[in-house]
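Here is the structure we will look at, set down as structure tokens.
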Amino acid sequence: MTRTVKCPDCQANEPEDTVGCINIPIDAEPGEIIECPECGAEVEILSTNPIVVNLLEEEK
Ligand SMILES: [Zn+2]
């Protein structure tokens, strides 16, 4: 069983329903960093029930 969340970065770039989804491991915990397979953006899990993620801005 997996859960997915829409990538905030992909969603911002392409506000369609087809944007990349990030798989959230069933044992993921708040504070974990997950990488979007589509764009490589890193998102931090803030909450797992419901799933809330925060896009980590990449320093350039
Ligand atoms: Zn993405």
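The values are calculated or read from the model by the stated rules, or taken from the named source; none is laboratory data. Not measured: the values here are computed from a predicted model. Cβ: placed from backbone, ideal geometry, glycine included. Neighbour counts: every protein chain shown.
Check GLU38, GLU14, GLU32 and return the single one that is modelled with pLDDT under 85 and surrounded by 14 or more Cβ atoms within 10 Å (Cβ to Cβ).
Working: GLU38 fails: modelled with pLDDT under 85; GLU32 fails: modelled with pLDDT under 85.
So the residue among GLU38, GLU14, GLU32 that is modelled with pLDDT under 85 and surrounded by 14 or more Cβ atoms within 10 Å (Cβ to Cβ) is GLU14.
So which residues in the stretch 32-55 are within 11 Å of the ligand (Cβ to nearest atom), at negative phi and without any contact (Cβ under 8 Å) to a residue 24 or more places away in the chain, if there are any at all?
Across the stretch 32-55, the qualifying residues are ILE34, GLU35, PRO37, GLU42.
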